[in-house]
1. Do the conditions hold for Leu41, that is, is it under 23 Å from Ala16 (Cβ atoms), at pLDDT 95 or above and of a type in the set (A, V, I, L, M, F, W, C)?
2. Output the residue which, of all residues in the stretch 1-11 that are in a loop (DSSP other than H, G, I, E, B) and modelled with pLDDT of 95 or more, is farthest from Ala54 (Cα to Cα).
3. Can you work out which of the residues in the stretch 48-66 that are touching a His at 6+ places or on another chain (Cβ under 9 Å) and outside any loop (DSSP other than H, G, I, E, B) is farthest from Glu81 (Cα to Cα)?
4. Quick one: what pairs do we get from the stretch 57-81, first residue farther than 15 Å from Leu41 by Cα, second part of a strand (DSSP E or B) and of a type in the set (D, E, K, R), C-beta under 6 Å, 6+ apart or different chains?
5. Could you check the stretch 61-85 and list, in sequence order, the residues that are surrounded by 15 or more Cβ atoms within 10 Å (Cβ to Cβ) and more than 11 Å from the chain's Cα centre (by Cα)?
6. So the check is Cβ under 8 Å with 6+ separation or different chains; which pairs have a first residue in the stretch 3-18 that's free of Cβ contacts under 8 Å to residues at least 12 places away in the same chain and a second one that's surrounded by 11 or more Cβ atoms within 10 Å (Cβ to Cβ)?
Amino acid sequence: MVFENDRVRVLEYTDAAGDKTTPHEHPDSVMYTLSDFRRRLHAGDTHRDVELPAGKAVWLPAQRHSGENIGNTATHVIFVELKGGATDATGATSATDATDVQPGDWIGPA
């Protein structure tokens, strides 16, 4: 873990070509890629192959999956996991504005 407070958790993730993860969950998150990589994500009976270049930020809706590095390079990413909606000056919770998020940016289950 890189950083955590009551609003976010920041994680750094690395693996090597051929590595696999066990099933796990992510809340709504932003992922920033520090390396080029190829992964196969498994959710239930389906899977999806993803290839991303270094230097890309993508929105990830909350999801449960397992993954495997199917490329020839290590995966190196930073996750910023959101713990809840933003609050305004009165303390009321508001939804996250995701109007610039495109479905093609999601790397979770299709």
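1. Details: under 23 Å from Ala16 (Cβ atoms): yes; at pLDDT 95 or above: yes; of a type in the set (A, V, I, L, M, F, W, C): yes.
Taking the combined requirement at face value, the residue satisfies it.
2. Asp6
3. Filtering first and then ranking leaves Arg48.
4. Ile78/Glu12; Glu81/Arg9
5. Taking the stretch 61-85 and keeping what is surrounded by 15 or more Cβ atoms within 10 Å (Cβ to Cβ), we get 61, 63, 65, 67-71, 74-82.
Of everything in the stretch 61-85, those that are surrounded by 15 or more Cβ atoms within 10 Å (Cβ to Cβ) and more than 11 Å from the chain's Cα centre (by Cα) turn out to be Gly67, Glu68, Asn69, Ile70, Gly71, Ala74, Thr75, His76.
6. Filtered contacts from the stretch 3-18: Phe3/Arg9; Phe3/Val10; Glu4/Val10.
The rows are residues; the columns are (1) surrounded by 16 or more Cβ atoms within 10 Å (Cβ to Cβ); (2) of a type outside the set (S, T, N, Q); (3) part of a strand (DSSP E or B).
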position	(1), (2), (3)
Tyr13	no, yes, yes
Ala17	no, yes, no
Thr22	no, no, no
Glu25	no, yes, yes
Met31	yes, yes, yes
Arg39	yes, yes, yes
His42	yes, yes, yes
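The values are calculated or read from the model by the stated rules, or taken from the named source; none is laboratory data. Just so it is clear, the structure is predicted and the values come from calculations on it, not from any experiment. FYI the Cβ positions are ideal-geometry reconstructions off the backbone, even for glycines, and counts take in every protein chain you see.
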